[in-house]
Amino acid sequence: MSVRIEDIVNKASLQKEDIVRLLRSKAEEARVIYEKAGQVKEEYVGKKTYFRGLLEFSNICAKNCFYCGIRRQNGNTVRYFMTDNEILEQVKYAIDNRFASVVLQSGERTDRRFTTRVTSLLEKISALAEGKEIGVTLSMGEQSRETFEEWFRAGANRYLIRIEASNKELYEKLHPSDAVHDYDKRLQAVKLLQDIGYQTGTGVMIGLPFQTYEDLADDLLFMKKHDIDMVGMGPYIEHKDTPLYKYRHLLPSKRERFELSLKMVAILRIMMKDLNIAATTAMQTLDPVGREKALKVGANVIMPNLTPVKYREGYLLYEDKPCLDEEVEECRSCLEARIAMAGDEIGYDELGTSRHYHQRMNKKN
Ligand code: SAH
Ligand code: SF4
């Protein structure tokens, strides 16, 4: 006799086979998962969405991940680095508009010129905040313990580093086999960040070539096992100037990748009730209201893009990224209306720290 979806979503703890069953569910059944996830969100983190102003401040990258449009070997991308003033202006915009939190993202570089520049930028951001507490999230890949610590001291308090694929074999298919694309080092970076005291975020891409439902179930169990505070995950979207493009015939349709991403968000909310989950831009790329759908089924963070329009063409991690020509003001007003439609209120002026982080730190002390 087959188990009912209702019974699975109400279990105290989901096992791998439960998750696989949920991921395979058809539209009618998936509705049950979404409803449950919406309830869990409301009960544990409230019907609230937090804004994080996203600044993609440089597309210069030393790495060559097979899926990414700004990989070092893609010669078709014009490289840029925003000036400190341009960055600070956008951070000021975020503060003035009561976002209370920004995310600084870039390609991965570990050279001292880069790391000290980020340190000085963080100091300038702290000065700009004038004693007001703001969330500063970094997303700049793997760094040494010293660099992570230096940035932490300079004012960064959150870090996003996706494991990309928690299955090591799959990870290895998506990256060159050399010392800088090493699964164990990536995992080590997650642990380092937690140890230093960062609110730590990770995530995966969904619908990758060679990826199975079992892999995706393991991805969710990975977040749980490693006690992650924040998750950003979204569909893999192909980019023609990347090596992975040749496997596009293996991909599920974009609609399927979107549905699968929505299920991943919902199942994660059911499994880990108090963490922060982002409604990612990649979800919006595959569905015009994709982020709002994600908010309804458990996500509680949105990252409005504050990158100046003139740089956006340069930050195409994947094709068809939305809002390429929309300045933030426009994006913000459309976002407000859309979030209200999703039934949430916006957590203006609130840090929106992951409740899970508090739990984890309490356990540690
Ligand atoms: N360089 C940093 C941060 C920028 S890349 C890092 O790699 O951690 C941010 C994220 O973009 C990556 O973690 C990856 O999950 C995502 N990404 C890259 N290429 C993508 C693609 N083709 N489709 C979907 N997401 C992609
Ligand atoms: Fe560089 Fe990050 Fe893209 Fe990899 S995913 S190539 S590290 S920007």
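Readers should treat all values here as calculations from the given coordinates under stated rules, not as data from a laboratory. Keep in mind that what you see is a predicted model, and the values were worked out from it rather than measured. A quick note on method: Cβ atoms are made from the backbone with ideal geometry, for glycine too, and the neighbour counts reach across all protein chains shown.
The table that follows gives values for the structure above.
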| item | result |
| --- | --- |
| Within region 292-328, tally of residues that are within 15 Å of ligand 1 (Cβ to nearest atom) and more than 14 Å from the chain's Cα centre (by Cα) | 11 |
| Selection within region 47-83 - touching a helix residue (DSSP H, G or I) at 6+ places or on another chain (Cβ under 8 Å), surrounded by 22 or more Cβ atoms within 10 Å (Cβ to Cβ) and polar (S, T, N, Q) | 49, 59 |
| Candidate set from region 87-116 (those that are more than 29 Å from residue 345 (Cβ to Cβ) and surrounded by fewer than 16 Cβ atoms within 10 Å (Cβ to Cβ)); member that is nearest to ligand 2 (Cβ to nearest atom) | 110 |
| Scan of region 218-248 for residues that are near ligand 1 (Cβ under 10 Å from one of its atoms), among the aromatic types (Phe, Trp, Tyr) and buried (at least 18 other Cβ atoms within 10 Å of the Cβ), ordered by number | 236 |
| Contacts under 7 angstrom Cβ, first residue in region 230-245 being farther than 19 Å from residue 314 by Cα and assigned to a loop (DSSP other than H, G, I, E, B), partner within 13 Å of ligand 2 (Cβ to nearest atom) and not charged (D, E, K, R), 6 or more apart | 233/203; 233/204 |
| Search result, residues across region 261-288 that are closer than 19 Å to residue 201 by Cβ, surrounded by fewer than 24 Cβ atoms within 10 Å (Cβ to Cβ) and of a type in the set (D, E, K, R) | 273, 274 |
| Boolean, residue 259 is over 29 Å from residue 158 (Cα atoms) and either free of Cβ contacts under 8 Å to residues at least 40 places away in the same chain or part of a helix (DSSP H, G or I) (or both) | no |
| Condition broken by residue 153, with the remaining ones in (1) under 26 Å from residue 93 (Cβ atoms); (2) more than 16 Å from ligand 2 (Cβ to nearest atom); (3) touching a residue at least 24 places away in the same chain (Cβ under 8 Å) satisfied | (3) |
| Enumeration of residues in region 205-215 that are within 14 Å of ligand 1 (Cβ to nearest atom) and touching a residue at least 60 places away in the same chain (Cβ under 8 Å) | 205, 208 |
| Residues satisfying the stated conditions in region 158-174, i.e. surrounded by 20 or more Cβ atoms within 10 Å (Cβ to Cβ) and either among the aliphatic types (A, V, I, L, M) or assigned to a loop (DSSP other than H, G, I, E, B) (or both) | 160, 161, 163, 165, 166, 167, 170, 174 |
